[in-house]
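*Asks:* This structure is in C-alpha cells; I'll ask about it shortly.
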Amino acid sequence: MPTRSPVPLHWTRLWQRRFNQSAALARVVSTIANVPVHDHILVRVRATPPQVGLARAERARNVEGAFAVARAARSEMKGKKLLVIDDVLTSGATVDACAKALRRAGAARVDVLVLTRVVETV
C-alpha cells in the first residue's frame, strides 16, 4: 500500500487561503481507504506565482525546484511507494516536480491521484 501525501502549498499561500485543498482531498481519500495521510513528507520550499494562464513549458519552469522531501522524512523514502494527491491536473508540471523530489529522495515508485483533469480544447 503506497504512502499518501498531498501536494503542499507554500506557507504564504496556505496563510492566505487558510486551507490546502489537496490536503482536504487527501483526508477524504484517507478516510474512505482507511489509510493514513502523511502530510509531512513533501514541502514547498519556494513560493511560486499561480499557474493560471501559463503554457505547459512555463508551468514546468515555474515549479522546477519548488518541492523537496522534508529533512525528517528523507530516511523514510528509500524504496517507498508513494501516492501524491492533488486537486487539479492541468499540464502535470506540479505533480511531476513533486515526483522528481520524491524519486531523488529514494522513492521506488510515485503514483498520482487527482480529483479533476483539465483537458485542452482545440
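*Asks:* Confirm whether Gly53 is at pLDDT 85 or above, outside any helix (DSSP H, G or I), surrounded by fewer than 16 Cβ atoms within 10 Å (Cβ to Cβ) and of a type outside the set (D, E, K, R).
*Replies:* Values: at pLDDT 85 or above: no; outside any helix (DSSP H, G or I): yes; surrounded by fewer than 16 Cβ atoms within 10 Å (Cβ to Cβ): yes; of a type outside the set (D, E, K, R): yes.
Taking the combined requirement at face value, the residue does not satisfy it.
Quick grid of which residues meet (1) closer than 18 Å to Arg117 by Cβ; (2) not basic (Lys, Arg):
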{"site": "Ser5", "(1), (2)": "no, yes"}
{"site": "Arg13", "(1), (2)": "no, no"}
{"site": "Ala23", "(1), (2)": "no, yes"}
{"site": "Ile41", "(1), (2)": "no, yes"}
{"site": "Leu54", "(1), (2)": "yes, yes"}
{"site": "Ala93", "(1), (2)": "yes, yes"}
{"site": "Ala99", "(1), (2)": "yes, yes"}
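*Asks:* Let me ask you something else. Out of (1) modelled with pLDDT of 80 or more; (2) farther than 15 Å from Ala99 by Cα, what's the single condition that is false for Gln16?
*Replies:* (1)
*Asks:* Moving on to the next point. Just to be sure, is Val45 touching a strand residue (DSSP E or B) at 6+ places or on another chain (Cβ under 7 Å), surrounded by fewer than 16 Cβ atoms within 10 Å (Cβ to Cβ) and modelled with pLDDT of 80 or more?
*Replies:* Answer is yes for this residue.
*Asks:* I'd like to verify a number: residues in the range 70-113 that are under 10 Å from the mean Cα position of the chain (by Cα), in a strand (DSSP E or B) and of a type in the set (A, V, I, L, M), how many?
*Replies:* Counting residues in the range 70-113 that are under 10 Å from the mean Cα position of the chain (by Cα), in a strand (DSSP E or B) and of a type in the set (A, V, I, L, M) gives 5.
*Asks:* Would the range 51-59 turn up any residue that is without any contact (Cβ under 8 Å) to a residue 60 or more places away in the chain and within 16 Å of Pro6 (Cα to Cα)?
*Replies:* Within the range 51-59 (the criterion being without any contact (Cβ under 8 Å) to a residue 60 or more places away in the chain and within 16 Å of Pro6 (Cα to Cα)), the answer is no, since none of the residues qualifies.
*Asks:* Going by the structure shown, is Thr116 in a strand (DSSP E or B) and surrounded by fewer than 13 Cβ atoms within 10 Å (Cβ to Cβ)? Working first, answer last.
*Replies:* Details: in a strand (DSSP E or B): yes; surrounded by fewer than 13 Cβ atoms within 10 Å (Cβ to Cβ): yes.
The answer is yes for Thr116.
The values are calculated or read from the model by the stated rules, or taken from the named source; none is laboratory data. What you are looking at is a predicted structure, and each value in this text was computed from that prediction instead of being measured. When we count neighbours, we look across all protein chains shown, and the Cβ atoms used for this are built from the backbone with ideal geometry, even at glycine.
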